[in-house]
Amino acid sequence: GMKQELFHRHKEAQQCCRPHNLPLLRAAQQREMEAVEQRIREEQRMMDEKIVLELDQKVIDQQSTLEKAGVSGFYITTNPQELTLQMNLLELIRKLQQKEAEAKRAFS
């Protein structure tokens with residue numbers, strides 16, 4: 001990736017460098033490497049934030065869909081307790097559907 005390329009470029013530069021310039025070159029390269037690492041961290045953080053926002057939006061979409069469908073207990077909320085309750089409700093609905101499907105298979 002970005003760091004590997006930079007590392008190779010630094011190695012080449014060090015080989016062509018006059019010995020008395022080496023400390024200066026190494027210090028400059030160190031700063032460049034730190035800047036690249038900082039940029040990678042920043043991009044990662046922005047990516048993480050984007051994913052969290054997208055997940056939040058998906059939760060809101062799901063709450064809205066279930067509320068419009070008239071499923072009781074579903075409305076748009078970001079309250080952690082209410083979210084936990086909604087997740088438990090969804091799990092319960094899923095288990096009931098499974099049981100129903102198993103019963104239909106048993107009697108068919």
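Which label marks the calculated value of Cα Rg over 2.2 N^0.38 Å, given the options (1) 0.97; (2) 2.13; (3) 1.96?
Checked against the structure: label (2).
Go through 35-42, 85-92, 46-53 and give me the packing order, highest mean Cβ count within 10 Å leading.
The packing order, highest mean first, is 85-92, 35-42, 46-53.
Taking 0.36 nm per residue of separation and subtracting the Cα-Cα distance, what length does fully extending residue 32 through residue 90 add? Intermediate values should be presented prior to the final figure.
Working: separation 58, 0.36 × 58 = 20.88 nm, distance 5.04 nm.
Full-extension gain reported as 15.8 nm.
Based on DSSP H runs of at least 4 residues, each adding -39500 (n - 2.57), what is the mean residue ellipticity at 222 nm of the chain after dividing by all its residues, to the nearest 500 deg cm²/dmol?
Helices in the chain give a 222 nm mean residue ellipticity of -30000 deg cm²/dmol.
Between residue 42 and residue 68, what is the label-point separation in nm under the 7 Å Cα-to-beta-carbon projection?
4.0
We did not get these values from a lab; they are worked out from the coordinates using the rules stated. For clarity, every value in this text was computed on a predicted model and none was experimentally measured. Here the Cβ is made from the backbone with ideal geometry for all residues, glycine too, and neighbour counts use every protein chain on show.
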